[in-house]
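Accompanying notes for the structure given below.
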Amino acid sequence: MTITPAPPPLLELEHVDAGYGPFHAIFDVSFAVEAGRVLTLLGANGAGKTTIARVCSGLVVPTKGSVRFAGEELAGKPAYVYARRGIVHAPEGRSVFASLSVEENLHLALGRGRDKADVARRVSRAYELFPRLGERRRQLAGTLSGGEQRMLSLSRVMVDEPRLLIADELSLGLAPIIVDEVYATLATIRDAGTTLLIIEQHVDHALGIADDALLLAQGEISERGDALQMRAAVQRMLTNQ
Ligand SMILES: Nc1ncnc2c1ncn2[C@@H]1O[C@H](COP(=O)(O)OP(=O)(O)OP(=O)(O)O)[C@@H](O)[C@H]1O
Ligand SMILES: [Mg+2]
């Protein structure tokens, strides 16, 4: 019998330190995300969640440690290499072209040089994920509601068919009912096989979709576990405050 070695985790950070100039923001961060799983980073304001997200997409270069994607070392490489490997950062806010239609926004996100059939397939996939955008394909993006614009900016990164989607405060400033919709869409994206790294102020939403969670305190991982264990850890932290 031959034993096939297990594939490496999709994303693996090992002993990562990073910061901004002389400011040291995260210390000795190690974790792994297996393909198809959902990890959420929890922690107080300033704990280092966004910094870790930026390390994972190559926007912040670690001063120490390693960032491996599907087994390949990426630490120190420029951010476009991370993007080419299939790591995308969902933009905060509404990064859409207001004076263009929904469909034009999607075409622009796809860039040039793709054949027509590929563009059509990706755009119709986006409408499957975001049916409301399909209904509004001819509407100018600037006239969409805030929640719809957030969906459009998410759909603009989804047409790239990322392997790892990093979502940092995707629901910031949205009405609760729209937050539910954003999370339902993230669940569909997960079910389609995309690995997710989620940072979210709404802890319940984050733990609702996550398989695993890390709790950060002052730049270090203070607890880790599956979503259920971490629900209890967060509860403990809140009652001790
Ligand atoms: N561009 C920057 N330049 C200098 N320091 C920064 C920069 N971005 C973040 N920091 C600092 O790094 C630390 C971690 O910040 P980070 O944004 O990662 O926290 P966070 O957990 O995402 O917080 P929040 O929940 O408020 O978004 C903070 O002390 C912050 O002030
Ligand atoms: Mg942040």
- Query: Within segment 5-58, restricting attention to residues that are of a type in the set (V, I, T) and closer than 17 Å to S222 by Cα, which residue is surrounded by the fewest Cβ atoms within 10 Å (Cβ to Cβ)?
  - Reply: T50
- For segment 40-73, enumerate the residues that are within 10 Å of ligand 2 (Cβ to nearest atom) and either touching a Leu at 6+ places or on another chain (Cβ under 8 Å) or not assigned by TED's automatic domain parsing to the domain that holds A187 (or both). L41, G43, A47, G48, K49, I52, A53
- Residue in segment 80-91 that is within 15 Å of ligand 1 (Cβ to nearest atom), under 16 Å from D160 (Cβ atoms) and touching a strand residue (DSSP E or B) at 6+ places or on another chain (Cβ under 7 Å) present: yes
- Note on the structure: Conditions (1) touching a residue at least 60 places away in the same chain (Cβ under 8 Å); (2) farther than 19 Å from V123 by Cα; (3) surrounded by fewer than 15 Cβ atoms within 10 Å (Cβ to Cβ); (4) more than 16 Å from ligand 2 (Cβ to nearest atom) -> T143 fails only (1)
- Does segment 192-203 contain at least one residue that is surrounded by 20 or more Cβ atoms within 10 Å (Cβ to Cβ) and in contact with a Pro (Cβ under 7 Å, 6 or more places away or on another chain)? yes
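Per-residue answers, yes or no, for (1) of a type in the set (A, V, I, L, M); (2) surrounded by 15 or more Cβ atoms within 10 Å (Cβ to Cβ); (3) more than 12 Å from L152 (Cβ to Cβ); (4) at pLDDT 95 or above:
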| position | (1), (2), (3), (4) |
| --- | --- |
| L74 | yes, yes, yes, yes |
| V81 | yes, no, yes, yes |
| H89 | no, yes, yes, no |
| S95 | no, yes, no, no |
| L100 | yes, yes, no, yes |
| E103 | no, yes, no, yes |
| L110 | yes, yes, yes, no |
- Query: Looking at segment 1-68, what strands (runs of 3 or more DSSP E) fall wholly within it and have at least 2 residues that are under 19 Å from A213 (Cβ atoms) and touching a His at 6+ places or on another chain (Cβ under 7 Å)?
  - Reply: 23-33
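The values are calculated or read from the model by the stated rules, or taken from the named source; none is laboratory data. Owing to the predicted nature of the structure, the values given are computational and were not obtained by experimental measurement. Please note: Cβ atoms are built from the backbone with ideal geometry, for glycine as well, and neighbour counts cover all protein chains shown.
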